[in-house]
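Below is one structure, written out as structure tokens; comments come after it.
The values are calculated or read from the model by the stated rules, or taken from the named source; none is laboratory data. Here the structure is a predicted model, which is why all the values come from computation and not from measurement. Counting neighbours? That spans all protein chains shown, and the Cβs are built from the backbone with ideal geometry, glycine included. Heads up: the accessible areas ignore ligands, DNA and RNA and are worked out on the full protein's heavy atoms, side chains in. Shrake-Rupley method; radii C 1.70, N 1.55, O 1.52, S 1.80 Å.
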Amino acid sequence: MIFAKQALLADGWARDVRLSIEAGTITDAVPDASAQLGDTRVDTLLPSLANLHSHSFQRAMAGMTEYRMAGKDSFWTWRDLMYRFTAHLSPEHIEAIAAFVFLQMQEAGYASVGEFHYLHHQPGGAPYADLGELSACIAAAAQTTGIGLTHLPVLYTYGGAGQADLQAGQARFGNCVDRFGELVARARHAVSALPGDCRVGIAPHSLRATSPGDLAAALDAHEGGPVHIHIAEQPKEVADIEGWLGARPVEWLLANAKVAREWCLIHATHMTDAETRAMAASGAVAGLCPITEANLGDGPFNGPAYLQAGGAFGIGSDSNVLISLTEELRTLEYSQRLRDVARNVMVVGEGSVGEVLYTGAARGGAQALGRKAGTIEVGQLADLVAIDSTDPALVALQQSQLLDGLAFAAKDSVVTDVWSAGRHAVKGGRHIARDQIVARYRAAMASLMASL
Ligand code: NGQ
Ligand code: ZN
């Protein structure tokens, strides 16, 4: 049982809430209750967020690509460096990095992660004896940390728009649709050993890394569950797709695939207003990755038009250059303010920006990961985060201002506890397996640095 002095329930704030959890699911949520002996007591309980988009291995190169080279650095020059980095990663590295990343996510307040996983093969491109070897590493990291995993094996077949050959640096990613089917089966096998809230979806990497026929075949073979795809992140990508397929990426996808609620369109940065409205109407989730989108120079999301049209959204940490839930939320809003030279942009009509961002991302993130979560109510998974409203950063705020405080005035250190489907992995602000996971990460980094 959890006893919270206050909790944000599905129908609003309540005081003195006693929460019962059975087999990972909330079975009772009683306001105005009394704490009982043995209850886990927390200050403020919120539905936790899903981190809907991560490439965990990229965390290990955080800080290595911020040196300006002669000429103009861009997303594409960053990508070359990232590709070179992948050549040095062993299965042991990949598992140790993923466990560390998941720990950092949990300590920041995320209960679940969508791992968009495209490192499949050995350096050079030969498959491992088990095609799903590296998917199994991701599953093992989820097991170690207790995070709620939605594993998204990636279909990456071509090196660029127009079915270009894979580049040398992309050899570890490549599969044709048939072998991708085998890979998904192996990934399902690996994830079947995890708790029941963990699941597998699929992720055609991007329109440029697949083809219309292959995409249709992969979707046909899909047994159900989330479908994630990178889309319209960079202007060059929009131009390449338009040149090849005769339509802008989001426009093309909406016209050629049955995009609906189980889809998550990652970035969707460069959209016309018509695309923005059509995407919102599709029911898909916009997978926004504000820190990475700023870091890679992608551009700001078309937030006002998307919210006006009722579009669903969630938050991802993508490159993991920094893992911070509070900073993702404010970076999303600040990108809008800087573009519009305005304040309080991500709200339709009047209201709290922090509340719209937080509760929207909680619901949209859960939807994108296929988790029955995102609100605190009976029947939902116990994906929960507790924060300390007596922290100096929050102490002066009214209940109705707490989410604004969290989004704009606090650091992730206000997080005290996190549960993933009832698994209580963060206590007192620390992951329960922190020492072991960090020690293993340090050892992996020492071995990786020796190989660079
Ligand atoms: C990724 N990153 O999948 O990690 C990509 C780069 C690619 C972002 N799009 C790789 N931010 O585009 O092929
Ligand atoms: Zn990505």
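How many angstrom lie between the C-alpha centres of the stretch 67-131 and the stretch 285-318?
Each part reduced to its Cα centre gives a spacing of 21 Å.
Compute, for Ser48, the solvent-accessible surface of its heavy atoms (probe 1.4 Å) with the complete set of protein chains present, and express it in square angstrom to the nearest 10.
About 10 Å², ignoring ligands and nucleic acids.
If r is the Cβ-Cβ distance from Asp220 to Ala247 and R0 is 25 Å, what FRET efficiency results, to the nearest 0.05?
Values: r = 21 Å, r/R0 = 0.86.
Given R0 = 25 Å and the Cβ-Cβ separation, E is 0.70.
Mind giving me the FRET efficiency for Val341 and Thr272? R0 is 25 Å, r the Cβ-Cβ distance, nearest 0.05 is fine. Don't jump to the answer; show the numbers that get you there.
On the way: r = 21 Å, r/R0 = 0.86.
So the FRET efficiency works out to roughly 0.70.
Normalised by the number of residues in the chain, what is the relative contact order in percent for Cα pairs under 8 Å and 6+ residues apart? Kindly include the intermediate steps, with their values, before the conclusion.
Values: 1001 pairs, mean separation 94.3, N = 452.
Reported relative contact order: 21 percent.
How high is the relative contact order of the stretch 83-211, in percent, with contacts defined as C-alpha pairs under 8 Å that are six or more residues apart? Before the final figure, lay out the partial values.
Working: 227 pairs, mean separation 37.9, N = 129.
Answer for the stretch 83-211 is 29 percent.
When the helix-only estimate is applied to the chain (DSSP H runs of n ≥ 4, each -39,500 (n - 2.57), divided by the residue count), what is the mean residue ellipticity at 222 nm, nearest 500 deg cm²/dmol? If you can, show how the numbers build up before the last one.
Values: 14 runs with 167 residues, N = 452.
Mean residue ellipticity, 222 nm, calculated: -11500 deg cm²/dmol.
Near Lys5, which lysines are there with a Cα under 30 Å away, not counting those fewer than 8 places off in the same chain?
In chain and number order, the partners are Lys372, Lys411, Lys427.
Summarise the accessible area of the stretch 88-175 (1.4 Å probe, protein heavy atoms) by the percent that is carbon and sulfur.
Values: 1030 of 2080 Å².
Accessible surface attributable to carbon and sulfur in the stretch 88-175 totals 49 percent.
Enter the Cα centre distance for the pair the stretch 224-275 and the stretch 322-352, rounded to the nearest angstrom.
23 Å
So for the stretch 1-144, averaging the separation of alpha carbon pairs under 8 Å that are six or more residues apart and normalising by length, what relative contact order in percent results? Intermediate values should be presented prior to the final figure.
Details: 184 pairs, mean separation 31.3, N = 144.
Relative contact order here is 22 percent.
Aspartates and glutamates near Lys258 by alpha-carbon distance under 17 Å, same-chain residues fewer than 8 away left out - which ones?
Qualifying aspartates and glutamates at Cα under 17 Å: Asp214, Asp220, Glu223, Glu275.
For a protection proxy built on the mean count of beta-carbon atoms within 10 angstrom, sort 303-315, 390-402, 175-187 highest first, please.
Values: 303-315: 21.1, 390-402: 14.3, 175-187: 18.5.
Listed from highest to lowest mean packing, they are 303-315, 175-187, 390-402.
Return the lysines within reach of Lys236: Cα separation strictly under 21 angstrom, same-chain partners fewer than 8 residues apart disregarded; answer none if there are no such residues.
Lys72
Filter the trypsin sites (Lys or Arg not before Pro) in the stretch 380-452 to those in DSSP coil with at most 15 other Cβ atoms within 10 Å of their Cβ, and list the result.
Lys411
Expressed in whole Å with the largest first, what are the equivalent ellipsoid semi-axes of the stretch 326-398 derived from the C-alpha gyration tensor as the square root of 5 times each eigenvalue? Don't jump to the answer; show the numbers that get you there.
Numbers: eigenvalues 119, 67, 24 Å².
Output for the stretch 326-398: semi-axes of 24, 18, 11 Å.
When a/c reaches 1.5 or more, the comparison of a/b and b/c decides; with that in mind, is the stretch 282-345 rounded, prolate or oblate per its Cα gyration tensor? Mind showing how you got there, number by number?
Details: a/c = 1.86, a/b = 1.20, b/c = 1.55.
Oblate.
Please work out the Cα center distance from the stretch 163-205 to the stretch 32-57, rounded to the nearest Å.
31 Å
Over the chain, with the other protein chains present, what is the accessible area per residue in square angstrom, probe 1.4 angstrom?
Working: 17080 Å² over 452 residues.
Here the residues of the chain average 38 Å² of exposed surface.
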